[in-house]
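Bear in mind these aren't lab numbers, they're just calculated from the coordinates by the rules spelled out. Source: prediction; values computed, not measured. For neighbour counting, all protein chains shown are included, and Cβ atoms are generated from backbone atoms with ideal geometry for every residue, glycine included.
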2 protein chains.
Amino acid sequence: MKKINIGLIGFGNVGCGVIKILQQRKAFLAQKIGIEIAIKKICDKDTTKKRDVLIDKSLLTSDANLVLNDPAIDIVVELMGGTTLAKDYILSALKKGKHVVTANKALLAEHGLELFAEASERGKNIYFEASVGAGIPIIKSIREGLIANKFSCVFGIVNGTSNYVLTQMSDENCTFSTALSAAQAKGFAEKDPSLDIQGIDSAHKLVLLTYLAFGRIVNLKDIFIEGISHISLADINYAKELGYTIKLLAIAKKEGNELEVRVHPTFLPQEHLLASVDGVFNAIYVSSDLAGDLMFYGPGAGQLSAASAVVSDIVDLTQDIKAGLFRPTLNTVEDNLIKGLRKIDEFENKYYIRIMAIDKPGVLAKISGILAKYGISIASVTQKEKLKSQVVPVVMITHQAKEKSLRSALKMIDKLTDIKEKSIAIRIEGV
Amino acid sequence: MKKINIGLIGFGNVGCGVIKILQQRKAFLAQKIGIEIAIKKICDKDTTKKRDVLIDKSLLTSDANLVLNDPAIDIVVELMGGTTLAKDYILSALKKGKHVVTANKALLAEHGLELFAEASERGKNIYFEASVGAGIPIIKSIREGLIANKFSCVFGIVNGTSNYVLTQMSDENCTFSTALSAAQAKGFAEKDPSLDIQGIDSAHKLVLLTYLAFGRIVNLKDIFIEGISHISLADINYAKELGYTIKLLAIAKKEGNELEVRVHPTFLPQEHLLASVDGVFNAIYVSSDLAGDLMFYGPGAGQLSAASAVVSDIVDLTQDIKAGLFRPTLNTVEDNLIKGLRKIDEFENKYYIRIMAIDKPGVLAKISGILAKYGISIASVTQKEKLKSQVVPVVMITHQAKEKSLRSALKMIDKLTDIKEKSIAIRIEGV
C-alpha cells in the first residue's frame with residue numbers, strides 16, 4: 001500500500017486531536033483510501049509537555065527544519081498558529097514541494113494572497129477546512145459541492161465564543177460580563193477573549209468565506225467590524241419582545257456591483273434558522289443561484305471537530321498526491337461583476353434603535369423630527385415603562401436606511417439635552 | 001485544454017437543467033478545473049418535445065446505444081429515472097469503461113449493491129450527489145468531509161412534498177387532503193403523490209444515507225416505512241400545544257449493536273433545528289463521533305438545485321479521469337459493530353398517543369390500566385374538551401416504551417367499548 005508521510009508543526013490541542021485520529025483510524029482510513037498515512041515528524045517548541053496522546057518520542061522535535069527539510073514528508077500540517085513563523089514555515093514547505101494543511105485563519109486572512117500564489121506557482125495545494133466552522137465541511141461544500149454556483153451572499157455565526165455569550169445572556173437573563181465569565185469558566189472563551197468578542201476572529205473567517213464565494217481576498221482593514229461587548233441585556237430582551245434574536249454575524253453580500261463585507265451584532269427574526277443556532281455552535285448560510293439557500297450547521301470548535309476537518313484535508317491531499325493532481329477546484333474565479341467594496345457609510349439596513357430619553361412632552365417629536373430630516377422612516381416605536389430616573393427607553397425599528405444617515409441622525413439625537421445615554425443602533429438582517 | 005465528453009440519458013426537467021448549467025457555466029467551470037466539459041450526446045425517448053434549453057439538434061437521439069457505444073464519451077449521466085432500463089444502461093456504461101452520474105435514488109436503493117460492485121470491479125465511479133437533498137452537498141460531506149468519522153445516527157427531512165404538506169397543515173390549519181391539493185397546485189406534489197407521502201421516496205434516500213454513514217446497503221423491505229396520510233389536523237395542533245412539530249423523518253440510528261432504519265412521522269421538539277425546516281426544504285442531521293452533530297439544509301428539489309449537484313459530480317469525475325483515479329473515498333467501510341437490523345417490534349421510543357374515548361367515569365382508569373399492564377409509563381395526560389358527540393380525545397405522552405408493547409396496548413384499548421376511533425400513536429424523537 002502506498003504510504004504518504006505527514007509532518008505536523010504545532011502539537012497543541014488540535015494537533016493532538018489530529019495525531020489521535022491518525023492513530024486510531026489508521027486502518028479505517030487506509031481501507032477507505034487505499035493509502036497509509038504515516039506520521040513522520042511532529043514539531044513543537046515544547047517537547048516535554050504532557051499531552052493527551054501517546055507518541056513515539058523519536059517523532060518529536062523542536063526544530064521545524066527537520067520537518068521542512070525532510071524529503072520523505074509529503075504533507076506539512078501547520079497547527080502552531082500565529083502569523084509570522086507559521087507563514088515562513090508554510091512558504092518554505094511549499095517551496096520544498098510539499099502540500100500544506102492549515103487551520104490558521106488569521107494567517108490566511110492576512111497573507112492568503114501571497115500563500116495561495118506561492119502554492120499555485122509550485123503546483124501545490126493549501127487546504128484549510130478547519131479554519132472555518134471546525135468540522136463542518138463548509139469549505140469543501142462551497143468549493144466542490146457548489147462548484148457550478150455563483151453566490152449572492154454568505155453569512156453566518158462563525159465564532160462560538162461570541163455566540164455562547166449572546167446565548168447565555170438571553171437564556172440566563174444576565175449581563176455581558178457575567179456571560180463572558182461563564183464562557184471562560186467553561187473553557188469556551190480565552191482568558192483574553194478580545195479576538196473573539198471584538199469580531200476579529202469572525203472577520204478572519206469571513207475573508208476566507210468571501211474568497212471562496214466571490215473569488216476575492218478582501219483586506220482585513222476593509223471589513224467593517226463591530227464586536228458584541230456593547231450589547232446590553234436590555235437590547236437582548238427588547239429583541240426578544242420584538243420577535244428577534246441578536247447574533248454576531250459575519251456577512252459577505254453582493255449589492256449591485258459592490259460587495260459588502262462586515263461583521264457585527266445583528267437582529268435576526270426568530271423564525272430564521274440561524275436564530276436557533278445557540279451556544280458554541282456555528283452555522284453558515286449560503287445563497288447560491290443554482291442550489292438555492294443552504295445552511296451548514298455544527299460545533300464551531302473543539303479538538304476532535306477541528307481535527308476531523310484537518311484529517312479530511314490530509315486525505316484529499318493523499319488523493320492529489322497519488323494522482324499527481326494539482327486540484328483545480330482550489331481555483332476560485334473572481335466574480336467580475338463586483339467592481340469594489342461598499343463603504344460602511346453606504347450600507348443600507350433596517351435598524352433597531354434604542355434611545356434613552358427623559359420622559360417629557362415633545363421629546364419623541366424632536367427625535368422623530370431628526371430621523372425624518374435624515375430620511376429615516378420608522379416602522380415601529382415602543383416607548384418603554386418609566387424608570388425611577390425619569391429616563392425611558394424609546395425603542396424603534398426603522399425601514400431601510402443608509403448607515404451614514406442613521407449615524408448622523410443618532411449623533412444629532414444624542415446632542416439633545418433630553419437624551420441621557422449614547423443611543424444604540426443594531427442592524428437587522430434576514431427580513 | 002483537455003476535453004471530457006459527457007453523454008446524457010434522460011432529457012427531462014433535471015436533464016435540461018444540467019445542459020443549461022454546462023452551457024452557461026462552460027467558461028466558468030473550465031477556468032476552475034482546467035478542463036472543457038463537452039456535451040457529446042443527449043438521449044431521450046422523446047426527441048421532439050419543446051424544452052426550455054436550446055441545443056444543437058444533432059446531439060439529440062432516442063437511441064441510448066449511441067451514448068453507451070460512443071468511445072469518445074467518458075461520463076454517462078443517467079437522469080431518465082426508473083429501475084429497469086436505467087439499470088441496464090448504467091451497467092452497460094460501466095462495462096464500456098465509462099464513469100456514471102445518476103440522481104436515481106430508487107434505482108440505487110434497489111440495486112445499489114450490484115451497481116456499486118460493478119463499478120468497483122471496473123475501476124469506475126458512480127456518483128449520486130443529486131439523489132439526496134438535491135443541491136445540498138450531503139453525500140460529499142459525509143463521504144469526504146467527514147471521512148474520518150464514525151456515525152451514531154443520520155436522520156432528516158428528505159422529502160420536500162411531505163414536508164410541504166405538513167407545513168401547510170400547520171400554517172394554514174387545514175386538513176391533509178386540502179394541503180395535498182395545495183401542494184399539487186403549486187407543482188410540489190405529483191398527480192399521484194403516493195411515493196412521496198407514503199414515505200417510499202424518503203426510504204430510497206435513507207438507503208443511500210445509511211450506506212454512506214454505516215457502510216451497509218439495507219434492503220428496502222427491511223426498512224420500517226410509515227407515511228403521513230393518516231396525520232390529522234388534530235394531531236398537528238396537539239403537537240403544537242405540547243411544544244412539538246410533526247415531521248416525516250428518515251432515520252438510521254445505531255442502537256447497541258443493531259441498526260434501526262425507519263421512515264415515519266415524528267414528533268420533534270419545537271426547539272430542534274429540524275423542526276424549523278419548513279415547506280419544500282430538506283435537512284439532514286448527522287451525529288458523528290469527531291465532528292459532532294451537524295446539519296445540512298437546503299431546497300430538496302428543483303431543476304437547477306438538482307442539476308447543480310449533478311454538475312458537481314461531473315466535475316469530480318473529470319478530476320478522477322484526468323488523474324486516472326478510482327476515487328477511493330467511494331469506499332465505505334462497514335461498521336462491524338453492527339450485527340443486524342433491529343426489528344420494528346423492538347424499537348424503543350417515547351410516543352404521543354391520542355385515544356378517542358367516551359367521556360364517562362372510569363374510562364381513563366381502564367386505559368391507564370392497560371398501558372400499565374404493558375409496562376408503558378405515562379409522562380403526561382391531557383383530557384381535551386368534550387365534543388358534542390360525548391367523545392373526547394385523551395392525549396398522552398409516554399416515557400420510553402417498546403413498539404411491540406405499545407401496539408399491543410393500543411390494540412387492547414381499541415377493543416374497549418368506550419373507544420370510538422382507532423387510536424393514534426406517533427413516535428417522538430430528538431429529546
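The figures follow:
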read-out: Average other protein chain Cβ within 10 Å of Cβ, residues B:129-141; value: 4
read-out: Cβ charges +1 (Lys, Arg) and -1 (Asp, Glu), total dipole of region A:346-428, debye; value: 140
read-out: Cα extents of the protein assembly as shown along the three principal axes, largest first (Å); value: 75, 74, 64
read-out: Whether chain B is rounded, prolate or oblate, judged on the alpha carbon gyration tensor where a/c under 1.5 counts as rounded; value: prolate
read-out: Estimated distance in nm for a label pair at B:L242 and B:K420, the labels positioned 7 Å out from Cα along Cα-to-Cβ; value: 2.2
read-out: Total charge dipole magnitude, the protein assembly as shown, about the Cα centre, Cβ charges on Lys, Arg, Asp, Glu only, Debye to nearest 20; value: 60
read-out: Cβ-vector label at 7 Å, A:N219, separations to other copies in nm; value: 6.7
read-out: A:K45-A:H399 pseudo-label distance in nm [points 7 Å out on the Cα-to-Cβ vector]; value: 5.7
read-out: Over chain A, relative contact order from alpha-carbon pairs under 8 Å, at least 6 apart, %; value: 16
read-out: Teacher prompt: B:V391 distances to equivalent labels in other copies, 7 Å Cα→Cβ, nm; value: 6.3
read-out: Along each principal axis, Cα extent of region A:346-428, largest first, Å; value: 38, 21, 18
read-out: Placed amide H near B:L248: partners under 5 Å, 5+ positions off or other chain; value: B:T266
read-out: Neighbourhood net charge (14 Å Cβ-Cβ; Lys/Arg +1, Asp/Glu -1) for B:I419; value: +3
read-out: Förster radius 45 Å - calculated FRET efficiency between B:S408 and B:E114 (Cβ-Cβ, nearest 0.05); value: 0.70
read-out: Beta bridge orientation in the protein assembly as shown: antiparallel %, DSSP, nearest 5; value: 65
read-out: Semi-axis lengths, Å, region A:44-201, gyration tensor of Cα atoms, sqrt of 5 times eigenvalues; value: 32, 24, 13
read-out: FRET efficiency, 1/(1 + (r/R0)^6) with R0 30 Å, evaluated for A:D289 and A:S62 via beta carbons; value: 0.05
read-out: Label point 7 Å beyond Cα along the C-beta direction, distances from A:T417 to other copies (nm, shortest first); value: 8.7
read-out: Chain B - mean residue ellipticity at 222 nm from DSSP helices (-39,500 (n - 2.57) per run, n ≥ 4, rounded to 500); value: -10500 deg cm²/dmol
read-out: Alpha-carbon centroid distance for the pair region B:353-415 / region B:246-317, whole angstrom; value: 33
read-out: Whole-Hz couplings from phi, Karplus 6.51/-1.76/1.60, listed for region A:288-293; x for Gly and Pro; value: 10, 7, 9, 7, x, 8
read-out: Rotational relation A to B, axis-closest Cβ in chain A, residue and distance rounded to whole Å; value: A:A323, 1
read-out: Stretch in chain B that is longest and holds no GluC sites (Glu not before Pro) that DSSP places in a loop and that have at most 14 other beta carbons within 10 Å; value: B:1-189
read-out: Residue among B:T398, B:G362, B:A425 farthest towards the positive dipole end of region B:345-428, charges placed on Cβ; value: B:G362
read-out: Fully extended contour minus Cα-Cα distance, from B:E348 to B:A323, at 0.36 nm per residue; value: 4.2 nm
read-out: 22 Å Cα-Cα reach of A:K402 towards lysines, excluding residues that sit fewer than 8 places from it in its own chain; value: A:K221, A:K247, A:K253, A:K254, A:K339, A:K343, A:K350, A:K366, A:K373, A:K411, A:K415, A:K422
